[in-house]
Amino acid sequence: MWALLLVAVFAVYGTLVLVGQFWAWLVLHRDRGKVVYFILLTQNAERDIEMALRRVQHKCSTLSYPTRVCVIDAGSTDLTIPIVERMSRRGMPLELFSAPTMEQALEAARQYGEATGSVRCIYQLRQGEELTTIVR
């Protein structure tokens, strides 16, 4: 009698563990094809762009789904664009776009977000300023 009860308890426990594992797998793979974008707006940020991109890249590496980083430059006249291009050549998955002004860059970021439907965050980086979050 006790043996039958013990077998029933282990059967229920095993079933609960199996259902829990299946649920965790299902949640993890639910958004498998989805790519989430982080957008970085820049303007004359040669001193800070590399560190900012590394911080965003680190954030991306902690997430469990595919990510992309999009840099929209607002008419930089310094080495911001060559630095972004160098980081892209070295293997960081980046997309680089240009806009004449910061306002147009922000509008482009919003349109990009609406088109892809998967923008996670928009950051702004200007010369001499900290990396600020515009949209999260």
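The values are calculated or read from the model by the stated rules, or taken from the named source; none is laboratory data. In this text the structure is predicted, and so the values were computed from the model without any measurement. In this analysis, Cβ positions are derived from the backbone assuming ideal geometry, glycine residues included, and neighbour counts consider all displayed protein chains.
Restricting ARG47, ARG90, ARG68 to residues that are in contact with a Phe, Trp or Tyr (Cβ under 6 Å, 6 or more places away or on another chain), assigned by TED's automatic domain parsing to the domain that holds LEU125 and either over 14 Å from GLN124 (Cβ atoms) or of a type in the set (D, E, K, R) (or both) narrows the list to ARG68. Of the residues making up region 61-97, those that are without any contact (Cβ under 8 Å) to a residue 24 or more places away in the chain and out of contact with any Leu (no Cβ under 8 Å at 6 or more places or on another chain) are SER61, THR62, PRO82, ARG86, ARG89, ARG90, GLY91. Within the set GLY75, GLY91, GLY14, the sole residue that is touching a Ser or Thr at 6+ places or on another chain (Cβ under 7 Å) and among the small types (Gly, Ala, Ser) turns out to be GLY75. If you filter region 37-79 down to residues that are charged (D, E, K, R) and in a helix (DSSP H, G or I), you find that the one that is surrounded by the fewest Cβ atoms within 10 Å (Cβ to Cβ) is ARG54.
For (1) at pLDDT 75 or above; (2) assigned by TED's automatic domain parsing to the domain that holds GLN124, each residue gets a yes or a no:
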residue: LEU18; (1), (2): yes, no
residue: ALA24; (1), (2): no, no
residue: GLN43; (1), (2): yes, yes
residue: MET51; (1), (2): yes, yes
residue: ARG54; (1), (2): yes, yes
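So, SER64, is that one under 19 Å from the mean Cα position of the chain (by Cα) and among the small types (Gly, Ala, Ser) or not? Criteria met by SER64.
Pairs meeting the criteria (first residue in region 98-110 and under 12 Å from VAL71 (Cα atoms), second residue among the aromatic types (Phe, Trp, Tyr), beta carbons under 7 Å, at least 6 apart or on different chains) are ALA108/PHE97.
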